[in-house]
Amino acid sequence: MSKKLARLAEKLGIASDYISMTKQRVEIDDDGRRRMLAALEVDASSKEAVEAALERFKDTKPPVMKPAKNSACYLPKWLEDKPAWGIPVQLYELRSGRNWGIGDFKDLADFCRIAGAHGADFVGVNPLHALFLSEPERNSPFSPSSRLFLNPIYIAVDRLPGGELLEEERDEFNRLRETALVDYPGVTALKLRALRRAWEKADRNDPALEAFRDKGDEALERHALFDTLALHLAQSGTKGGWKTWPAEYQNPESEAVKRFAEERRDEVMFHVWLQYLARTQLEEADEAAKGAGLRVGIYLDFAVGEAPDGSATWSKPNLLVSGMTIGAPPDMFTLQGQDWGLVPMSPLAMREENFATFKAIMEGLMASAGALRIDHAMALWQLFFVPQGLTPADGAYQRYPIRELLALLTKSSRENETVVIGEDLGIVPPGFQDVMAQSNILSYRILYFEQTEKGFKRPKEYPAKALACLATHDLPTWRGWWKADDTDQRLKAGLIDESINKRQHKERAKERKRLVKALAAEKLLSKSDEETAKAAIEDWRAPLPDALAVAVHRYMARTPSLLAGARLADLVGEAGPTNVPGTTNQFPNWSPKLDIAIEDMPALPLFKAITVALAAERPRR
């Protein structure tokens, strides 16, 4: 091992080893260090190159896990005095009597009113980042084209002058509304046609639109140009992100791109307008939430990275790390590890631009959010880099300037009065949760995971600075967990083998028994319900009693955690998963709609029973 190479890697935040989920230490060799340094555009190919790099970075100190001085995220006094509850939803999954085959911002506003009427204080949504209008089948909200901008597919077209449906579109409209899965290509095509008709009648000189455009500056123009160019090329058969485009269009500074922008000025302005509409309707939904009594309002979600061929990497290629994607090392759930296919920001490039992009993303999200969930919050400190063309077993951790990032995060939180929630699941480095707590970033506590060898933790054992819930979008619904559908899905996808599947089924049977015992200890089950639950433990194919779902939500709501979340899919009795991590086309991830429309939810017995229970456990003042 080269000591100088190791010292250079340490200076630039490349971890020398990591502890796996099986508690084993995994060492990073010299080849691994060189790959990581090359991704940061630091030459370490020879002794001379290493020495030159050490001289270049002689004043650079390795990142240290410390919170920003005298800085903490916003936490309202009323929340510390009176913990709240709310309902996380996948916006696309909402059905209504008026939407166009996908949940939209008007549905979000309407559902916030329903949630407020039932005592909730927030409604959470999946990431609303911009995806790929030219490739709508790329539907993962966690693999965005750009985190700076919003997905226009969520615009409520029927709220716009000129956005009315044409008679010849009626059959397609009805089909899109009836499908069990969101037909992303169909919905996108229908909405874009209607939006273009509305654009023809829009006021190009609207002062609000001009102000929005001026504030967005070059970043907004480039994103609008990216979407314009991508849609144009798709019409001629060039599908895919910018890496598949003709070479003359791959550089936003090229003469060909500048000519295209000039020739298609109105089309570029159309896409600026779409961002304006999306932002305006999101703000209207947030106002509706607060008007309905939700004291937190809407909480948005911040994805951990961006697609390698989207607007973000095209617009600012030097800001992103080339040759690496984000993932996770091998663990008990995925034996091969995970490669999420997302590109990370370069910590060196972030410093060079004085963290301008990170700051802009935080300010953009928090301006329309009462709370912000940070997916994979450990990214504030480290990300697991997977070399392109290799496996996660060849990966390593890259450290980030956490102190500077926290300073910007906490400042934006206080200025916008936005509560911050950090999803700290998986491999959490020692001390990281202490830093979160010091920074007033709420931790995540998943009931499924809060167990010891003795059984499920009692509610009183949960921390106060946390969001407690049954599960996230990457975990099974309540009904799916009870039946161990998730382990069968991992087997079907080839993520685990038959022996592990059998072992996990046996463990789930024990967990069902432990959970019923824990619920009974909290006196959350009547004798009759307890007997029914015990019978369901032995025969997991039997119908799951609603009383058990109500009891498990009460259990979670009894924790001292400042926020408690009840997933909408569980409130309406859905069984299927939102997403099966590690899969692509094996499951219809990010596509299933709820079986019931939002207007009909208040009359649903399960929805009523759980929301009444949550409101009783966590009443508003």
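The values are calculated or read from the model by the stated rules, or taken from the named source; none is laboratory data. These figures come from a predicted structure and were not determined experimentally. Note that each Cβ is placed from the backbone with ideal geometry, even for glycine, and that neighbours are counted across all protein chains shown.
Numerical summary
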read-out: Looking only at the range 1-48, and only at residues there that are among the charged types (D, E, K, R), part of a loop (DSSP other than H, G, I, E, B) and within 30 Å of the chain's Cα centre (by Cα), the one that is surrounded by the most Cβ atoms within 10 Å (Cβ to Cβ); value: 41
read-out: Enumeration of residues in the range 115-125 that are in contact with a helix residue (DSSP H, G or I) (Cβ under 6 Å, 6 or more places away or on another chain) and either farther than 23 Å from residue 421 by Cβ or surrounded by fewer than 23 Cβ atoms within 10 Å (Cβ to Cβ) (or both); value: 118, 119
read-out: Residue within the range 443-456 that is within 30 Å of residue 360 (Cβ to Cβ) and buried (at least 16 other Cβ atoms within 10 Å of the Cβ) present; value: yes
read-out: Helices (runs of 4 or more DSSP H) completely within the range 493-565 that count 2 or more residues being in contact with a Ser or Thr (Cβ under 6 Å, 6 or more places away or on another chain); value: 498-521
read-out: The range 493-502, subset surrounded by fewer than 16 Cβ atoms within 10 Å (Cβ to Cβ) and either modelled with pLDDT under 90 or over 30 Å from the mean Cα position of the chain (by Cα) (or both), residue nearest to residue 457 (Cα to Cα); value: 502
read-out: Residues of the range 159-187 that turn out to be part of a loop (DSSP other than H, G, I, E, B) and under 23 Å from residue 236 (Cα atoms), as a count; value: 1
read-out: Restricting the range 337-375 to residues that are assigned to a loop (DSSP other than H, G, I, E, B) and in contact with a Leu (Cβ under 8 Å, 6 or more places away or on another chain), the residue that is surrounded by the most Cβ atoms within 10 Å (Cβ to Cβ); value: 369
read-out: Positions within the range 131-158 being part of a loop (DSSP other than H, G, I, E, B), of a type in the set (D, E, K, R) and either surrounded by 15 or more Cβ atoms within 10 Å (Cβ to Cβ) or on the phi > 0 side of the Ramachandran plot (or both), in sequence order; value: 135, 138
read-out: Some residue of the range 480-488 being in contact (Cβ under 8 Å) with a residue 24 or more places away in the chain, assigned to a loop (DSSP other than H, G, I, E, B) and either in the same structural domain as residue 559 (by TED's automatic domain parsing) or under 23 Å from residue 558 (Cβ atoms) (or both); value: yes
read-out: Count - residues of the range 510-550 that are at pLDDT 90 or above, surrounded by fewer than 18 Cβ atoms within 10 Å (Cβ to Cβ) and among the hydrophobic types (A, V, I, L, M, F, W, C); value: 2
read-out: The listed residue being in a strand (DSSP E or B) and not assigned by TED's automatic domain parsing to the domain that holds residue 487, out of 425, 406, 383; value: 383
read-out: Among (1) outside any strand (DSSP E or B); (2) buried (at least 18 other Cβ atoms within 10 Å of the Cβ); (3) of a type in the set (Asp, Glu), the one test that residue 301 misses; value: (1)
read-out: Selection from the range 80-121 of residues that are closer than 27 Å to residue 445 by Cα and either at pLDDT below 95 or of a type in the set (S, T, N, Q) (or both); value: 80, 81, 82, 90
read-out: Residue 103 buried (at least 24 other Cβ atoms within 10 Å of the Cβ) and under 29 Å from residue 241 (Cβ atoms); value: yes
read-out: Test set (1) modelled with pLDDT under 95; (2) surrounded by 12 or more Cβ atoms within 10 Å (Cβ to Cβ); (3) under 23 Å from residue 110 (Cβ atoms) - residue 161 fails condition number; value: (2)
read-out: Tally, over the range 602-616, of residues that are within 25 Å of the chain's Cα centre (by Cα), under 22 Å from residue 577 (Cα atoms) and not β-branched (Val, Ile, Thr); value: 1
read-out: Test result for residue 64, in a loop (DSSP other than H, G, I, E, B), among the hydrophobic types (A, V, I, L, M, F, W, C) and loosely packed, with under 14 Cβ neighbours inside 10 Å; value: yes
read-out: Boolean, residue 318 is of a type in the set (S, T, N, Q), surrounded by fewer than 17 Cβ atoms within 10 Å (Cβ to Cβ), more than 30 Å from residue 118 (Cα to Cα) and modelled with pLDDT of 95 or more; value: no
read-out: Unique match (being touching an Asp or Glu at 6+ places or on another chain (Cβ under 7 Å), part of a loop (DSSP other than H, G, I, E, B) and within 24 Å of residue 114 (Cβ to Cβ)) among 606, 594; value: 594
read-out: Selection status of residue 426, surrounded by fewer than 16 Cβ atoms within 10 Å (Cβ to Cβ), among the small types (Gly, Ala, Ser), in contact (Cβ under 8 Å) with a residue 24 or more places away in the chain and more than 20 Å from residue 326 (Cβ to Cβ); value: no
read-out: Among the candidates 104, 17, 110, residue that is farther than 30 Å from residue 557 by Cβ and of a type outside the set (Phe, Trp, Tyr); value: 17
read-out: Residue in the range 232-239 that is among the β-branched types (Val, Ile, Thr) and not in a helix (DSSP H, G or I) present; value: yes
read-out: Any chance residue 401 is farther than 23 Å from residue 353 by Cα and either surrounded by fewer than 21 Cβ atoms within 10 Å (Cβ to Cβ) or in contact with a Lys or Arg (Cβ under 7 Å, 6 or more places away or on another chain) (or both); value: no
read-out: Cβ pairs under 8 Å, 6+ apart, first in the range 489-512 and over 17 Å from residue 475 (Cβ atoms), second aromatic (Phe, Trp, Tyr); value: 509/540
read-out: Residues being in contact (Cβ under 8 Å) with a residue 12 or more places away in the chain and within 19 Å of residue 484 (Cα to Cα) - total across the range 520-542; value: 7
read-out: Residues of the range 74-93 satisfying the condition of being in a loop (DSSP other than H, G, I, E, B) and crowded, with 23+ Cβ neighbours inside 10 Å; value: 89, 90
read-out: Scope the range 312-336; condition touching a Gly at 6+ places or on another chain (Cβ under 9 Å), in a helix (DSSP H, G or I) and of a type in the set (Ser, Thr, Tyr); matching residues; value: 313
